[in-house]
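First up is the structure itself, then whatever we jot down about it.
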Amino acid sequence: MQLWAGLGNPGPQHAMQRHNVGFMALDVIADMHGFAPVQKKFQGWLQEGRIGGEKILLLKPATFMNQSGRSVGEALRFYKLGVEALTVFHDELDLAPFKVKVRTGGGLAGHNGLRSIDQHVGPDFRRVRLGIGHPGHKDRVHGYVLGNYAKAEMDGLADMLGAVSAEAEWLAKGDDARFMSDVALRQRG
């Protein structure tokens, strides 16, 4: 069993913000792979399903970004899962828009959601980094990540989310390299 957590902020006013791309990724995965209806659990929204032969739990913490670790830690403890079972989907300033990279462990790059999870479960979890690009100057970061995707970005966003969901079986199998390669190929197609 694996726990895949998507990071974002609850509420309709945040739904299309760059900072919520982790929530968006989980929504598309749940839809494409026929996950069960949403349950309110672990201070968030949980859906159960299968991808390939793997049981996957999708969790969207409702604790706001800065407290994501409370929800994620609670779910891991309840299911008696170690940090190796955790994959976190989040926005990444240091990647070009719509690029997707996976890594385990590493720095937090100023991301408060990752920092909260690190505080609750440690740093050695797998991350699916969903590129949002950088606004150019650090003074503009806050407004940029909390800004909505522009109309001109919608096709790129839909392509990225669709590719991530379509290739999720490689992620479930632990083949991160194949996942990244096939997502990139799909986005070029």
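The packing ranking of peptides 120-132, 25-37, highest mean first, is 120-132, 25-37, where packing means the average number of other beta carbon atoms within 10 angstrom of each residue. Ordered from highest to lowest accessible area with the whole protein assembly present and a 1.4 Å probe, His19, His142 read as His142, His19. Expressed as a whole percent, the accessible surface of region 1-71 that belongs to carbon and sulfur atoms is 53, based on a 1.4 Å probe.
Excluding ligands and nucleic acids, what accessible area in Å² is computed for Leu157 using a 1.4 Å probe, to the nearest 10? Result for Leu157: roughly 10 Å² accessible. The helix-only estimate of mean residue ellipticity at 222 nm for the chain, built from DSSP H runs of length n ≥ 4 each weighted as -39500 (n - 2.57), is -10500 deg cm²/dmol after division by the residue total. The value of relative contact order for region 1-107, using C-alpha pairs under 8 Å at least six residues apart, is 35 percent. What region 1-107 shows is 42 Å² of accessible area per residue, with the surface traced by a 1.4 Å probe over protein heavy atoms.
Quick one: compute the contact order of region 47-189, relative version, from alpha carbon pairs under 8 angstrom and 6+ residues apart, as a percent. Relative contact order comes out at 26 percent. Listed values (i) 20.9; (ii) 22.4; (iii) 16.3 include one computed from this model; for Kirkwood radius over Cα pairs in Å that value carries the label (iii).
Rounded to the nearest 5, what % of DSSP beta bridges with both residues in the chain are antiparallel?
55 percent
Were the residues from Ala96 through Gln119 laid out at 0.36 nm apart, the gain over their Cα-Cα distance would be 5.5 nm.
Can you tell which of Tyr79, His33, Leu130 lies farthest toward the positive end of the dipole of the chain, using +1 and -1 charges on the Cβ of basic and acidic side chains (Lys, Arg; Asp, Glu)? After comparing all options, I get Tyr79. Cα centroids of region 135-170 and region 11-58: 17 Å apart. Beyond 19 Å in Cα-Cα separation lie the following of the pairs Lys60/Lys138; Lys101/Lys173; Lys55/Lys173: Lys60/Lys138.
For the chain, the dipole from Cβ point charges (+1 on Lys and Arg, -1 on Asp and Glu) about the Cα centre works out to 300 debye, to the nearest 20.
The values are calculated or read from the model by the stated rules, or taken from the named source; none is laboratory data. Note that the coordinates shown come from a computational prediction; the quantities given were computed from them, not determined experimentally. All Cβ positions, glycine included, derive from the backbone under ideal geometry; neighbour counts span all protein chains shown. These area figures cover heavy atoms from the full protein model, side chains too; ligands, DNA and RNA do not enter into them. Shrake-Rupley method; radii C 1.70, N 1.55, O 1.52, S 1.80 Å.
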